[in-house]
Amino acid sequence: MPRDGVRHRVGIRVHCTSVLDLLDVMRHEGIPVTSPARTLVDLAAVVNYKVLRAAVRWAQSLHRVNVPQLVATVRRLGPRRGVANLSRVLATRSGADAQ
């Protein structure tokens, strides 16, 4: 998210990016947040495969994201850290259960 107005809070880690397409932004209870698909792509860069797989499954079970959305987001954002693990999750039956 843009750095404007970012305050430090104990227990909250703010991540900033210079590239944030309108497709990646939504509001939740009036608060600007990244879309579930963008969040999972970003998460892929900082967690291991097992944690990422669990996050993808959870997001799918809540009907927040599906495989085509994740694939489109990865393609749009291009190469980045963690995408290999996310692609691996999406290629497995467990990652594609809740399309």
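Values in this text are rule-based calculations from the coordinates and carry no lab data. It should be emphasised that the depicted structure is a prediction, and the values quoted were computed from it without experimental measurement.
Would you kindly derive the ³J(HN,Hα) couplings of segment 65-79 from the backbone phi angles with the Karplus curve 6.51 cos²θ - 1.76 cosθ + 1.60 (θ = phi - 60°), listing them in order in whole Hz, with x for Gly and Pro?
Karplus values, whole Hz, x for Gly and Pro: 7, 9, 4, x, 5, 5, 4, 5, 5, 4, 4, 5, 7, x, x.
Would you grab the residues whose amide H sits under 5 Å from the one on Ser35? Only those 5+ places off in sequence or on another chain, please, with H modelled 1.01 Å from N.
Under 5 Å from the amide H of Ser35 lie the amide H atoms of Val25, Met26, each far enough along the sequence or on another chain.
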